[in-house]
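Below is one structure, written out as C-alpha cells, with a few remarks after it.
The numbers here are math on the coordinates, done by the rules we state, and not lab data. This structure is a prediction, so every number in the text was calculated from the model and none was measured.
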Amino acid sequence: MSSDPDKMMSKADKMTKLTLTRWSADWRGATELYEQAANGFRASNKYEKAKVALEKASKGQEMQASPWDAAKHMESAAALAQKLSIWNEVADFYRKASELYVECGRAQPASDALGKAARALEDVKPDDAIQLYTDACEILEEDGRDQMAFDLYRACANVYIKLEKFTDAATFFLRLGVAADKCDATNSQCKAYLSAIILYLYAHDLQQAEKCYNDCSQIDAFLKSDQCRSASRLLTAYNEGDIEEIKKVASSSTVSNLDHMIIKLARKLPTGDVTAIQMNTNDDLDEDDLT
C-alpha cells in the first residue's frame with residue numbers, strides 16, 4: 001500500500017462511494033486510510049489536509065456506530081483548526097465532538113470539549129466563548145455533576161469581566177454558589193457569594209449588592225462565614241461613605257483568598273463617588289418612607 005497520504009485519501013474516498021460494482025461503502029477500510037493519511041499529513045505539517053482527513057475519519061467512525069472514536073477525531077480536527085486560526089470550525093468541531101460524547105452517555109468529556117472550544121475563543125470571539133462555557137456548565141448540571149463545573153463558572157465570569165459586563169459575571173458566581181451548595185462545598189459557596197457582591201459594588205450598584213447580601217444571608221453557612229462578615233463590613237462602609245474602611249476590607253485576607261480577577265477589582269474599590277452612592281441610597285429610603 002502507498003504511504004502517500006494524498007493517495008490514501010483518494011483511495012478512501014472511492015471506498016465510500018457506491019458504484020455499479022460496489023453496492024455498499026467500505027467505511028471500515030476507508031476510515032483506516034483516513035486515519036493513516038491524517039497522521040502522514042500531520043508529520044509533514046500539512047495541517048489543513050490533516051484536518052480534512054480527521055473530519056472524514058470521524059464520519060467513518062460514526063458510520064461504524066463508534067461515536068467515542070468519532071468524537072476523538074473531531075477534537076483532533078478542532079485542535080488543528082485552532083492552530084490554523086479557523087475559529088468558526090474550532091467551535092463547530094468541538095460542538096460536534098460534544099454531541100458525540102453525549103451520544104455515548106459521557107457528560108464529562110462532552111462538557112470538556114465545549115470548555116476547550118470556549119478557552120480557544122475567549123480572546124477572538126468572547127461572546128461565543130460565553131455561550132460555550134454556559135452550555136458546558138449545563139451539561140454537567142443536568143448530569144448531577146455540578147462540582148465538576150466550578151472552574152467553568154469562574155472562566156465564564158472572567159470573560160464577562162474582560163467585557164466589563166460585571167452584573168453578568170456576578171450572575172455566574174451566584175450560579176457557582178448554588179452548585180457549591182448542592183455539593184456541600186461551603187468554602188467555594190461563600191467565596192462565590194462574596195465575589196458576586198464585590199462585582200455589584202464595582203459596577204456602582206449598591207442596591208443590588210445589598211439585595212444579594214440579604215438573599216445570601218438566608219443561607220446559614222454563609223451567614224456564619226468570614227466572607228459574610230467581610231461583605232457586611234463593605235456594605236456598612238459604603239453606606240457610611242467610609243473610603244478607608246472599604247480599602248481595608250478590600251485588602252483583607254478574606255478577599256485575598258478569592259479568585260485573582262475578583263481580587264484585582266476589589267483592590268480598586270471604591271469606584272466612583274461613595275458620597276453620591278450614599279446620597280442616592282438615602283433618597284431611595286426617603287421615597288419609600290413617603291409611600
What residue among Thr19, Thr167, Thr236 shows peak mean-square fluctuation when the chain is described by a Gaussian network model with Cα springs under 10 Å?
Thr19
Could you give the semi-axes, largest first, of the ellipsoid that matches the stretch 192-239, computed as the square roots of 5 times the alpha carbon gyration tensor eigenvalues and rounded to whole Å?
16, 10, 9
Would you mind telling me which residue in Ala12, Ala77, Ala113 has the biggest mean-square fluctuation in a Gaussian network model of the chain, where springs connect alpha carbons within a distance under 10 angstrom?
Ala12
Ellipticity estimate at 222 nm from DSSP helix runs (n ≥ 4, -39,500 (n - 2.57)) divided over the chain, nearest 500:
-24500 deg cm²/dmol
Principal-axis tilt of helix 107-121 within the chain, Cα atoms, nearest 10 degrees:
80 degrees
In degrees from 0 to 90, rounded to the nearest 10, what is the angle of the helix 206-216 Cα long axis to the longest principal axis of the chain?
80 degrees
Quote the relative contact order of the stretch 30-144 in percent (integer), defining contacts as alpha-carbon pairs under 8 Å separated by 6+ residues.
17 percent
Using alpha carbons only, what's the Rg to Rh ratio of the stretch 164-283 with Rh from Kirkwood?
0.94
Could you name the lysines in cross-link range of Lys211, using Cα to Cα under 28 Å and dropping any fewer than eight places away on the same chain?
Lys162, Lys165, Lys182, Lys191, Lys224, Lys247, Lys248, Lys264, Lys268
Reachable aspartates and glutamates, given that their alpha-carbon falls under 16 Å from the alpha-carbon of Lys83 and they are not under 8 places away in the same chain:
Glu48, Glu55, Glu75, Asp92, Glu122, Asp123
Given a 10 angstrom Cα cut-off, can you work out which residue in Leu174, Leu269, Leu114 is the most mobile in a GNM of the chain?
Leu269
Looking at (i) 44, 27, 20; (ii) 53, 18, 14; (iii) 38, 18, 18, which value of semi-axes √(5λ) of the Cα gyration tensor in Å comes from a calculation on the structure shown?
(ii)
What relative contact order, as a whole-number percentage, does the chain give when Cα pairs under 8 Å and 6 or more residues apart are counted?
8 percent
To test your reading of the geometry: what angle, between 0 and 90 degrees and rounded to tens, separates the Cα axis of helix 126-142 from the longest principal axis of the chain?
90 degrees
May I ask you to evaluate 6.51 cos²θ - 1.76 cosθ + 1.60, the Karplus curve with θ = phi - 60°, for each residue of the stretch 161-169 and list the ³J(HN,Hα) values in order in whole Hz, giving x for glycine and proline?
5, 4, 7, 6, 9, 6, 5, 5, 4
Across the stretch 88-105, in residue order, what do the Karplus-derived ³J(HN,Hα) couplings come to in whole Hz, using 6.51 cos²θ - 1.76 cosθ + 1.60 with θ = phi - 60° and x for Gly and Pro?
5, 6, 4, 5, 5, 5, 5, 5, 4, 4, 4, 4, 5, 5, 4, 4, 7, x
